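What follows is a single structure, written as C-alpha cells, with notes after it.
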Amino acid sequence: MRVVISGASGLIGTALTESLSADNHDVIALVRREARGDNESSWDPADHTIDHDVIASADVVVNLAGASIGGKRFTSSYKRVVMQSRVDSTTTIANAIAAANPSVVLLQGSAMGYYGDRGEQQLTESVGPGEGFLAEVCQAWEAAASPAVDAGASVSYLRTGLVVAGHGGFAQRLLPLVKRSLLKSLGGGDALQSWITLEDQVRGLRFLMDKRYEGPANLVTPQPATMAEIIAALAHALGSRPGLTVPSWVLRVVIGEAADDLLSSQAGVPKALTQLGFAWSHPTLESAARYVADDAK
C-alpha cells in the first residue's frame, strides 16, 4: 500500500510513518522544501502546488498539515495562520485528488474542537458544530475537503482529542510539573476532556484506512475524563502526587484565547470506531497513564 502523508514530521505523522514503514508499506511525506529522496515529495499548499503524479500513485492520503495550536497565543495574525494553513493544505490535496485520483482514501484532519464547549453532553459524530474559534477552524477544515468528496473519494474526518504520549504533545509538556508534584489541574479541573493515546491514535488511523470509512470519526477513547483526573492518573503512574491548580485566569494571561482549548468541556463518544469494531489498547485512564510513563523513560 502507498500512503502519502502531509504533516508527517509532527507527533502523529511521525508515529504513523514509523508504523506503516515497519509493515513494509510505501510512505511518501509531503514536505515544504526540496525533496531529499524517493520517500518525500515537495509541495507548497499556500501556492496550491503539489505533484499530481504522487497523488495519483497513492492508495491513501493522510492530511495532518496545519500550524500548531498547542501552547501558542491566539493573536489575530496567528489565528489567520491557523485557519489558512489548514484550509490551504486541504484545498490543495482535495483538488489534486479530484483531478488525479478520485478513488483514493483520504483521512482528513480535524479535531474535537469542532463541537465547542458542550459541558457534559455526549458528543457523537452526529452532533452539530459548536461555537468559538476552534469550532470555526474545524468546520472550514472539513469543508475544504469537499472537492475530494464530490469526486467520489472515500473521506474520513478525523476529529481527534488530546493525544497523550510521553515523548511529545500535551502530556509531555505537563510531565516535568507532574513528576515534581507541582500540578493538580489546569483551570477548575472539572471540564471533561476527550483523549486517546498516541498508540491508539495510530492504530485508529490505520483501522479507518482499512475500513475505507466515510464520514466523521471521533478519535478518542470511550472514557472522557476531567483534567484533574488525567493529571492524577499521570501522577500515580509516575509515583508522585498532585500538586497545585493553575487558575484559568493564569492560563489566559500566558496563552490567551488558546486556553479555551484546555478549559472547554467535551465528552466525546467514539460511536463510529465502536460500531466498526475497533479495540483500544489503552481504553482506561489508568492504562493510558502507564503507557505515557513508560513512553517518557
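Expressed in nm to one decimal, what extension gain is obtained for the pair Leu244 and Gln84 from 0.36 nm per residue of sequence separation less their Cα-Cα distance? List each step's numbers first, then the result.
Working: separation 160, 0.36 × 160 = 57.60 nm, distance 3.70 nm.
Between Leu244 and Gln84, full extension yields 53.9 nm more.
Send over the Kirkwood Rh of region 218-297, from the inverse of the averaged 1/r over different Cα pairs, rounded to one decimal Å. Kindly include the intermediate steps, with their values, before the conclusion.
Values: mean 1/r = 0.0687 Å⁻¹.
The answer is 14.5 Å.
Can you tell me the orientation of helix 285-295 relative to the chain, as the angle in degrees between its alpha-carbon axis and the longest Cα principal axis, to the nearest 10?
70
Report the one residue of Ala228, Ser194, Thr92 whose Cα lies farthest in the direction of the positive end of the charge dipole of the chain (charges on C-beta: Lys and Arg +1, Asp and Glu -1; origin at the Cα centre).
Going by the Cα projections, it comes out as Ala228.
Once you have the Cα-Cα distance between Arg36 and Lys179, take 0.36 nm times their residue separation minus that, and quote the gain in nm to one decimal.
Here the segment from Arg36 to Lys179 would lengthen by 47.5 nm.
For the residue pair Gln139 and Ala279, what label-to-label distance in nm results when each label sits 7 Å from Cα along the Cα-to-beta-carbon direction?
4.0
For region 118-194, what is the charge dipole size about the Cα centre, in debye to the nearest 20, if Lys and Arg each add +1 at the Cβ and Asp and Glu each add -1 at the Cβ?
The dipole of region 118-194 has a size of about 640 debye.
With a cap of 14 neighbouring Cβ atoms within 10 Å, and only residues DSSP puts in a loop, list the trypsin sites (Lys or Arg not before Pro) found in region 1-42.
Here the trypsin sites (Lys or Arg not before Pro) that fit, given the DSSP loop and packing criteria, are Arg32, Arg33, Arg36.
For the chain, what does the relative contact order come out to in percent, with C-alpha contacts under 8 Å and a separation of six or more? If you can, show how the numbers build up before the last one.
On the way: 629 pairs, mean separation 57.3, N = 297.
Across the chain, relative contact order equals 19 percent.
Charges at C-beta only: +1 for Lys and Arg, -1 for Asp and Glu. How large is the resulting dipole of the chain about its Cα centre, in Debye rounded to 20?
980
Run the quick spin-label model on Val254 and Asp190: label points 7 Å from Cα toward the beta carbon, then report their separation in nm to one decimal.
So the two model labels end up 2.3 nm from each other.
How big, on average over all directions, is the shadow cast by the Cα convex hull of region 139-268, in nm²?
8.8
Could you state the number of Å between the C-alpha centres of region 16-51 and region 243-260?
36
Which FRET efficiency, nearest 0.05, do His48 and Asp294 yield, Cβ-Cβ r, R0 51 Å?
FRET efficiency, His48 to Asp294: 0.75.
How large is the translational diffusion coefficient of the chain in µm² per second when you combine the Kirkwood radius over alpha carbon pairs with Stokes-Einstein at 25 °C and 0.890 mPa s?
Values: Rh = 19.4 Å.
It diffuses with D of about 126 µm²/s by this estimate.
No value in this document is a laboratory result; all are computed from the given coordinates. The structure presented is a predicted model; accordingly, all values stated were derived computationally and were not measured. So basically every Cβ, Gly included, is an ideal-geometry build from the backbone, and we count neighbours across all protein chains shown.
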